[in-house]
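The values are calculated or read from the model by the stated rules, or taken from the named source; none is laboratory data. Being a predicted model, the structure only gives us computed values, none of them experimental. Don't worry about glycine lacking a Cβ; one is built from the backbone with ideal geometry, like all the others, and counts go over all protein chains shown.
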Amino acid sequence: MNQAPSPAHGLVDLRHAQRALLDKVIARNQEVVAVTSPLDRDSLQALIDVAMLALAEPKTGSFLLALGPNAAHEGANYVWLQQRLLRFAYVDRIVVAPEARGQGLARRFYAALEQAARERDLLMMTCEVNCKPDNPVSHAFHKALGFAALYDRDMTEAGQDGKWVRYYAKFLA
């Protein structure tokens, strides 16, 4: 009997990636740095080191970095969730190359994360999406995957004046 390929089929674990792929990931992140945060080689490696899942699609450099509930990470959104939730997976960032959009790649990343979260007996997957500036495509995408809005947060206290995010969760139990 043939088994269906795992959600991560065709994706590379960034813990074992070659320098060229890591450079692609950094370049991809730079293209959307206004809605993520900067990544250089050191900060990418620091995220990979604490990630529960760090995957990339090698052709386009599209990637997902996700953290578990006890990661040694100081990002404002992660810490905010960590102070309020137990047993969660957090999408630190997902970046899909423009030429790869609409082909199911983001869904594959999220399916791999869901599988990893379930294997670790986590209760939910979480993320945040910008409300100000708004990212309506990402809001719609997460809702379509079964994520529910948890909370809207003014990021001024985190040093990001004028920015608002909406936290989402997809419950796994």
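Quick notes on this one:
- Condition check for ALA56: hydrophobic (A, V, I, L, M, F, W, C), over 12 Å from ILE26 (Cα atoms) and either without any contact (Cβ under 8 Å) to a residue 60 or more places away in the chain or not in a helix (DSSP H, G or I) (or both): no
Here's the yes/no breakdown for (1) closer than 22 Å to MET52 by Cβ; (2) in contact with a strand residue (DSSP E or B) (Cβ under 7 Å, 6 or more places away or on another chain):
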residue	(1), (2)
ARG107	yes, no
GLN115	yes, no
VAL129	yes, yes
ASN135	no, yes
ALA140	no, no
LEU145	yes, yes
TYR168	yes, yes
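- Count of residues meeting criterion [at negative phi and surrounded by fewer than 16 Cβ atoms within 10 Å (Cβ to Cβ)] in the range 77-99: 6
- Here ALA112 fulfils each of the conditions (1) aliphatic (A, V, I, L, M); (2) crowded, with 16+ Cβ neighbours inside 10 Å; (3) modelled with pLDDT under 95 apart from (3).
- Any hit, the range 92-107, residues being of a type in the set (Lys, Arg), in a strand (DSSP E or B) and modelled with pLDDT of 95 or more: yes
- Within the range 13-22, the residues that satisfy the criterion of being without any contact (Cβ under 8 Å) to a residue 24 or more places away in the chain and either assigned to a helix (DSSP H, G or I) or within 22 Å of ARG101 (Cβ to Cβ) (or both) are HIS16, ARG19, ALA20, LEU22.
- Some residue of the range 98-105 being out of contact with any Lys or Arg (no Cβ under 9 Å at 6 or more places or on another chain) and within 24 Å of SER43 (Cβ to Cβ): yes
- Remark: pairs (first residue in the range 140-169, within 12 Å of THR126 (Cβ to Cβ); second residue exposed (fewer than 15 other Cβ atoms within 10 Å of the Cβ); Cβ separation under 7 Å; 6+ apart in sequence or on different chains) = ARG166/ALA149; ARG166/ASP152; TYR167/TYR151; TYR168/ALA148; TYR168/ALA149; ALA169/ALA148.
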